[in-house]
Amino acid sequence: MLGILFKIPKAHYADYLAVFTAVDFLAYQTRVCLQAIKQAKSLKDEDLKTAKAYHLKLTFSKLWKQETPEKAKLFLDSWYFWATHNQIPDMVKSAKTIRQHETGILRWFTSKITNGIMEAINGLIQCAKRRAPLGRSKT
């Protein structure tokens, strides 16, 4: 690189250094990306419990894309079977907890009311109760 710089007028050194620095940076980024891809491919082939748990999590997120409560019930049943038979104790425990709340989860498909909305309404009610006078009205 320095050999090239000696043939360049001194006024343009900074421009050429900037170009070479950008090219070096892009080459480094490409090497890093290729190494990450190789590592991801090698991890994919291993039988890691964390990979299984993450795959279960990603699959569960597809529940909310189901079109009807019936399809969601079938999806949840198949996911529950898979989660309880993967032999990861924490995922089995999570699946059983989800099974206990199954009716509330499936109710979302008809009402579209989330827990966040219910908590917001509850907060408004609690705020109104705090602002109300403590004693009875003088009538």
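The values are calculated or read from the model by the stated rules, or taken from the named source; none is laboratory data. Worth saying up front: this structure is predicted, and the values here are computed from it rather than measured. Neighbour counts are summed over all protein chains in view; Cβ atoms, including those assigned to glycine, are modelled from backbone coordinates with ideal geometry. Heavy atoms of the whole protein, side chains included, go into the accessibility calculation; ligands, DNA and RNA do not. Shrake-Rupley method; radii C 1.70, N 1.55, O 1.52, S 1.80 Å.
List the residue pairs whose Cβ atoms are under 8 Å apart, where the first residue sits in the stretch 93-110 and is over 16 Å from LYS57 (Cβ atoms), the second is among the charged types (D, E, K, R) and open to solvent by 60 Å² or more (accessible area, probe 1.4 Å), and the two are 6 or more positions apart or on different chains.
LEU106/LYS73
Having 2 or more residues that are modelled with pLDDT under 90 is the bar; report the helices (runs of 4 or more DSSP H) wholly within the stretch 23-131 that clear it.
Numbers: elements: 49-61, 69-84, 89-100, 102-111, 115-131.
So the answer is 49-61, 102-111, 115-131.
In the stretch 77-95, is there at least one residue being more than 30 Å from ALA40 (Cα to Cα) and either open to solvent by 70 Å² or more (accessible area, probe 1.4 Å) or among the aromatic types (Phe, Trp, Tyr) (or both)?
So far as the stretch 77-95 goes, no, none of its residues is more than 30 Å from ALA40 (Cα to Cα) and either open to solvent by 70 Å² or more (accessible area, probe 1.4 Å) or among the aromatic types (Phe, Trp, Tyr) (or both).
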